[in-house]
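Input: a single structure, listed below in structure tokens.
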Amino acid sequence: MEVSKIVSKVLVHDDNVDALAEIKKICTANNLVGLKDVSQDINAILESNIDLGAVFLAESSDTPGEDALELCRKIHYRHPELPIFLRRDHGEGKADLSPDLQNMIAGCYSLSNMSRLQELVDEYVFSTYYPLELARGIQDISMNVLSSIIKNAEISCELPHLVKDQIIYGQLLSLIPLESSWCRGYMMLQVSETEMVKAIKTSHTDISVLEPGFRDINAVLNEATNMIWGGIKTRYFSSGSGLEDSHRTQVPIIVDHLNKFISFGSTEPQLCFRYKLRDPGREIPEITFYQRLIFNLSWSPDKFKESDTVMEDFVVSGELEFF
């Protein structure tokens, strides 16, 4: 699947027809996938596994018995990492709001000045630049690996997207460090335990057991993680990070399975891929792998460009070749 752009999903909770028309223009111009809250049941949406980059609220819209400002509190409580953009009926400031709401809302805008919403999108949703070439390469590597791990399955991938939420999907996740001269962070893979058990039982993996245990399931995820990491390392990372171990910064990683939450100590957008593997013979249910890249410790995409240029020079000179 050809990667042509990196998108971000945003939840739109606004009923004003004129505002929706302007928001749609903003979404189209910025590769935003706008998800309209048609059912008005925002609670169900917030509890789902939808990867979001921001939430658009309107001051005048509400759900039955709940105004927009109360929704701000509810959204911030459940997903404090999600930026909330509030469309106000009058003006664009938030000085008249209570101090706690001012801290919860990333910014305000009005229908008469939609350029302010563009500024908020630039500042909060696309604050981190991810080279399209990197996203395309990671997707290719990952699809090839997952196709080799899960036998006889057709694989597809959504457009790579940026997410702000910190939701954990499924019961299984793996983490592996990503380190080079231009980045430091982690790659995370997530998958449902039930889906993996069925794949092993029906001989869609290299593990042959009738009743797979957690070690068998973990072995499959471990192999997939290592192979993808190896592919990324070989293709993009030069040897050595250029940093002394004693000078490296570290942050704690917090995993809260009860609330399906993981924190890397950073609110920067994460690069996310969602792969779906379908068995044409329908022996197993659809398997979904979530992949996130979190460069929470160091991120210099300009140096990635330099690294890419160096690789091309080696190819031209004959020191490297594609195979």
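The values are calculated or read from the model by the stated rules, or taken from the named source; none is laboratory data. Predicted, not measured: the structure shown is a model, and the values here were computed from it. Here the Cβ is made from the backbone with ideal geometry for all residues, glycine too, and neighbour counts use every protein chain on show. The accessibility values were calculated without ligands, DNA or RNA, using every heavy atom of the protein model including side chains. Shrake-Rupley method; radii C 1.70, N 1.55, O 1.52, S 1.80 Å.
A compact table of results
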quantity	calculated
Range of Cα positions in segment 175-236 per principal axis (Å), largest first	45, 18, 15
In Å, descending, principal axis extents of the Cα set of segment 68-171	59, 31, 18
Percent accessible area from carbon and sulfur atoms, segment 88-138, protein chains only, probe 1.4 Å	51
Cα pair distances exceeding 25 angstrom across segment 111-236, given as percent	38
Alpha-carbon gyration tensor eigenvalues x 5, square-rooted, for segment 150-207, Å	26, 14, 13
Fraction in percent of alpha-carbon pairs per bin - 5 Å, segment 7-128	2, 11, 25, 27, 22, 11, 2, 0
Under the Debye formula (equal points on every Cα, no solvent term), log10 I(q)/I(0) of segment 91-147 at q = 0.19, 0.20, 0.25 Å⁻¹	-0.76, -0.79, -1.01
Estimated FRET transfer efficiency (Leu210, Ser147; beta-carbon r; R0 35 Å; 0.05)	0.90
